[in-house]
Amino acid sequence: MYKSIIRPFLFKLDPEQAHHFSFSILKNFGFLAKLFLPQPVVDKRLERNVFGLTFKNPVGLAAGFDKNAVLYDELADLGFGFVEIGTVTPKGQAGNPKKRLFRLIEDGGIINRMGFNNEGLEAAIVQLKKNKGKILIGGNIGKNTQTAPEHYTEDYLTCFEGLHNFVDYFVLNVSCPNVSSHAKLEDADYLKELIVEVQKINRLKQKPKPILLKIAPDLNDGQLDEIIALVAETKIDGIVATNTSVNREGLKTTHERLNEIGNGGLSGKPIKDRSTRVIRYLHEKSGGSFPIIGVGGIHSAEDAMEKLDAGASLLQLYTGFIYEGPELIQAINKEILKRSSRIGK
């Protein structure tokens with residue numbers, strides 16, 4: 001139903017307008033999903049225990065969709081095993097000027113340069129206080145655009161402190177290509193400093209929360225080796241691989257159209273192989289010593305299995321969810337059950 005009726009309508013709208021329309025429908029008429037969409041797959045064999053948390057199933061929603069934590073219950077009803085909110089910044093901000101979200105339909109991709117648009121920390125807390133525990137929630141945190149480099153860490157710590165009682169795990173978003181002064185966030189020495197400072201606060205809490213680092217798909221082997229060394233040194237709980245890409249190689253979309261769109265992070269099918277390569281490299285080179293949430297270009301159950309085979313412990317959807325709809329969640333979970341049944345035999 002989604003691909004035959006809903007998606008054709010949504011794709012006639014401006015991408016950002018379609019996003020807000022979908023949000024409104026899910027928030028106000030989410031109960032209709034139970035009537036017209038496939039029911040979530042519920043099975044104990046889908047459960048995953050990762051960094052001390054038990055996930056009902058391994059298919060989550062990546063950050064960027066429910067930025068302000070207003071839709072996590074409705075998304076749980078669609079069958080997601082967990083939802084990552086954000087990116088949350090200390091202060092609300094409008095993000096980059098519109099237009100800033102573009103579909104690459106020929107490629108099954110999206111380019112965005114949203115710029116961490118969100119209502120800010122306090123607004124997210126208000127929404128999270130309503131949480132009844134239906135689904136695990138991750139908090140993806142970042143810095144405000146106007147924050148000076150010497151205060152980046154302070155922004156992350158503010159969000160970490162504020163959200164600590166309300167989310168199940170944290171993701172330090174240091175790899176989004178759509179924020180200013182991005183170079184410092186990629187520096188290994190700064191990343192170590194940031195992780196250590198966040199961990200100091202975490203250790204003082206009665207119930208410390210898992211902390212993960214989200215990395216880009218465009219890192220070379222040397223940079224990935226630095227990430228592995230960083231995880232080993234800091235004992236951070238895991239990696240989210242990967243964020244969006246600035247690489248435009250191999251696209252069917254014309255150069256003229258890409259020039260018209262301009263800069264931004266590319267997601268969806270075009271980054272599937274890059275993301276999987278990063279997952280496989282991290283998993284193999286580290287000897288599987290830390291969990292990886294695999295995200296990037298998952299548009300089918302086969303894509304999901306590829307990520308799991310490469311070493312991912314959990315999965316996240318975003319662009320694939322936009323293109324394929326909620327049926328993709330069920331398809332992945334059914335394929336996982338099929339595989340477990342074969343192994344069981």
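Kindly indicate whether LYS44 is modelled with pLDDT of 95 or more, buried (at least 18 other Cβ atoms within 10 Å of the Cβ) and among the charged types (D, E, K, R). Break it down into steps so the answer makes sense when it comes.
Details: modelled with pLDDT of 95 or more: yes; buried (at least 18 other Cβ atoms within 10 Å of the Cβ): no; among the charged types (D, E, K, R): yes.
Here the answer is no, as LYS44 does not meet what is asked.
Identify the residue in segment 53-104 that is of a type in the set (A, V, I, L, M, F, W, C), over 16 Å from the mean Cα position of the chain (by Cα) and part of a strand (DSSP E or B) and, among all such residues, is nearest to SER275 (Cα to Cα).
In this case the residue turns out to be LEU104.
Restricting the search to segment 270-288, which residues are surrounded by fewer than 24 Cβ atoms within 10 Å (Cβ to Cβ) and touching a helix residue (DSSP H, G or I) at 6+ places or on another chain (Cβ under 7 Å)? Can you show your working first?
Taking segment 270-288 first, the residues surrounded by fewer than 24 Cβ atoms within 10 Å (Cβ to Cβ) are 272-274, 277, 280-281, 283-288.
Of everything in segment 270-288, those that are surrounded by fewer than 24 Cβ atoms within 10 Å (Cβ to Cβ) and touching a helix residue (DSSP H, G or I) at 6+ places or on another chain (Cβ under 7 Å) turn out to be LYS272, ARG280, TYR281, HIS283, LYS285, SER286.
Please specify each residue of segment 120-160 satisfying the condition of being touching a helix residue (DSSP H, G or I) at 6+ places or on another chain (Cβ under 7 Å), surrounded by fewer than 15 Cβ atoms within 10 Å (Cβ to Cβ) and either at pLDDT below 95 or closer than 10 Å to PRO90 by Cβ (or both).
Matches in segment 120-160: PRO149 only.
So which pairs qualify, if the first residue must be in segment 116-144 and in contact (Cβ under 8 Å) with a residue 24 or more places away in the chain and of a type in the set (Gly, Ala, Ser), the second must be crowded, with 17+ Cβ neighbours inside 10 Å and in a helix (DSSP H, G or I), the Cβ gap must be under 7 Å, and the two must be at least 6 apart or on different chains?
ALA124/LEU163; GLY139/LEU163
Go through (1) within 27 Å of ALA301 (Cβ to Cβ); (2) more than 18 Å from the chain's Cα centre (by Cα) and name the single condition ASN131 misses.
So ASN131 meets the others, but not (1).
Can you tell me which condition LEU104 does not meet? The list is (1) touching a Pro at 6+ places or on another chain (Cβ under 8 Å); (2) under 24 Å from LEU337 (Cβ atoms); (3) touching a residue at least 60 places away in the same chain (Cβ under 8 Å), and all the others hold.
Single failed check for LEU104: (2).
Let's see how each residue does on (1) under 17 Å from LEU328 (Cβ atoms); (2) in contact with a Pro (Cβ under 7 Å, 6 or more places away or on another chain):
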position	(1), (2)
ASP14	no, no
PHE21	no, no
SER24	no, no
ASN28	no, no
LEU37	yes, yes
GLU47	no, no
GLY52	no, yes
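Does segment 225-232 contain any residue that is surrounded by fewer than 22 Cβ atoms within 10 Å (Cβ to Cβ), within 17 Å of LEU185 (Cα to Cα) and of a type in the set (Val, Ile, Thr)?
Yes.
Checking the conditions here, which among ALA304, ALA241, ALA312 is of a type outside the set (Val, Ile, Thr) and under 13 Å from the mean Cα position of the chain (by Cα)? Talk me through it step by step, then tell me what you get.
Values: ALA304 fails: under 13 Å from the mean Cα position of the chain (by Cα); ALA312 fails: under 13 Å from the mean Cα position of the chain (by Cα).
From the options ALA304, ALA241, ALA312, the qualifying one is ALA241.
Considering only residues that are part of a helix (DSSP H, G or I) and surrounded by 13 or more Cβ atoms within 10 Å (Cβ to Cβ), look in segment 1-16 and name the one that is modelled with the lowest pLDDT.
Among residues in segment 1-16 that are part of a helix (DSSP H, G or I) and surrounded by 13 or more Cβ atoms within 10 Å (Cβ to Cβ), the one modelled with the lowest pLDDT is TYR2.
Mind listing just one residue for me: the one in segment 49-92 that is in contact with a Ser or Thr (Cβ under 6 Å, 6 or more places away or on another chain) and over 20 Å from PRO15 (Cβ atoms) and, of those, surrounded by the fewest Cβ atoms within 10 Å (Cβ to Cβ)? Even if it seems obvious, please write down each step before you answer.
Here is the first cut: in segment 49-92, the residues in contact with a Ser or Thr (Cβ under 6 Å, 6 or more places away or on another chain) are 50, 63, 90.
Going one step further and asking which of them are over 20 Å from PRO15 (Cβ atoms), we end up with 50, 90.
Details: VAL50: 18, PRO90: 21.
Among those residues, the one meeting the criterion is VAL50.
Is it the case that some residue within segment 105-119 is at pLDDT 95 or above, over 29 Å from ILE298 (Cβ atoms) and out of contact with any His (no Cβ under 7 Å at 6 or more places or on another chain)?
No, because not a single residue in segment 105-119 is at pLDDT 95 or above, over 29 Å from ILE298 (Cβ atoms) and out of contact with any His (no Cβ under 7 Å at 6 or more places or on another chain).
Quick one: would you say GLU226 is without any contact (Cβ under 8 Å) to a residue 40 or more places away in the chain and either in contact with a strand residue (DSSP E or B) (Cβ under 8 Å, 6 or more places away or on another chain) or assigned to a helix (DSSP H, G or I) (or both)?
Answer is yes for this residue.
Which of the residues spanning segment 189-224 are within 30 Å of ILE111 (Cα to Cα) and surrounded by fewer than 17 Cβ atoms within 10 Å (Cβ to Cβ)?
Hits for segment 189-224 are ASP189, TYR190, LYS192, ASN220, ASP221, GLY222, GLN223.
Kindly check whether there is at least one residue in segment 192-212 that is at pLDDT 95 or above and closer than 16 Å to HIS283 by Cα.
yes
In the list PRO217, PRO270, PRO291, which residue meets the criterion of being farther than 21 Å from PHE55 by Cβ, touching a Ser or Thr at 6+ places or on another chain (Cβ under 6 Å) and not polar (S, T, N, Q)? Talk me through it step by step, then tell me what you get.
Values: PRO270 fails: touching a Ser or Thr at 6+ places or on another chain (Cβ under 6 Å); PRO291 fails: farther than 21 Å from PHE55 by Cβ.
Residue meeting the stated conditions: PRO217.
The values are calculated or read from the model by the stated rules, or taken from the named source; none is laboratory data. Predicted model only: the values in this text are computed from it and were never measured. Note: ideal-geometry Cβ built from the backbone for every residue, glycine included; neighbour counts use all protein chains shown.
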